[in-house]
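One structure is given here, and the rest of the page talks about it.
The values are calculated or read from the model by the stated rules, or taken from the named source; none is laboratory data. Predicted model, so just to flag it, every value in this text is computed and none were measured. Here Cβ is always computed from backbone atoms with ideal geometry, including for glycine, and neighbour counts include all displayed protein chains.
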Amino acid sequence: MDLNTTLLLVGHGSRNREGNKEILHFAAQWRERHPEWRIEVCFIEHAEVLLDEGLDRAARGATRVLTIPFILNAAGHVKMELPAALGRARERHPEVQFDVTRHLGMGREIFAVLQARLEQLMKELAVPAPENTGVILLGRGSSDAGANGELARMARWIFEAHEHELVDLAFTGVTWPRLETVVQRQVKLGMMQICIIPVYLFTGVLMERIKAQVERLQRQYPQVAFAQAGHFGFDPLIFDLLDARVAGRELEEGSLLECDGCKYRLAAEDEHLHDHSHTATHEHGHEHGHGGCGHQHGAKHDHDHGHCHDHGDNHAHDHHSHG
């Protein structure tokens, strides 16, 4: 990589300081893997160094800034705020080339992480029988259907790769169903064990809430054995995924995010509809293809992990709940 390039890792940010500290710790470990790289960190919200300042810091002494959204699912923050911040940075630093990779997404690497967590949870159970063990992927939740759809794809892949009769989705907030509802359903359908896999990179307020929820559920259903995984931000596969982003495998089609340059986003900015204080709700008449790209997953081992961009569907961008 060019020594004049700065890598800017953009985290979501958490009200829980430990969550932000973990991202900083992750960046420190990533630097140890690549001591020749210049790696900076900023956050979208709930932190001291936010997007504009982070982009300015990354631009100092650099000819190129490669921005990496360190976020699992693309919703309002990735589709709206990050492209807007990049546009402002390009105006402030015309001498610097600002490129951006895709967010982490729900592809083969994250699927492998989820697989490993499920296998570990099954080992923890006294009777690791998949036919009476339900699986729940627990996401953060978004008002963006595409972001929720990415997690639904992971649930389908888990279902096809294993013998569990029930592999369900639940969400911590914004959308439904919630964890308690899904557990109730699985218990009614005869599940004697339930594996809960939070799809979270790092700790935070919501991870603490999930732990308390599972403890309540254990008391409510004493006949059911629960196994809960933790967040997975320090998994070696996450480092490998970021290495692949830096290698440029995601930049072959240019350096655009899903809404970078999109006429709907630009029109919203022109009309001053985008409120960076996170008090506005943004609805766009377009969906960028994470739920309707025609991926066929009928075969157990023939998964298409590509993305298409289809502006035909509608989605709403949520500014409070992203991976």
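Some notes on this structure:
- Residue check for GLY61: in a helix (DSSP H, G or I) and at pLDDT 95 or above: no
- Boolean, GLY13 is modelled with pLDDT under 95, touching a strand residue (DSSP E or B) at 6+ places or on another chain (Cβ under 7 Å) and surrounded by fewer than 23 Cβ atoms within 10 Å (Cβ to Cβ): yes
- Evaluation of VAL78 against (1) over 17 Å from LEU242 (Cα atoms); (2) part of a helix (DSSP H, G or I) (one fails), failing number: (1)
- Evaluation of ILE39 against the conditions (1) more than 26 Å from LEU151 (Cα to Cα); (2) at pLDDT below 95 shows that the sole unmet condition is (2).
- The number of residues in the range 175-213 that are within 21 Å of the chain's Cα centre (by Cα) and polar (S, T, N, Q) comes to 2.
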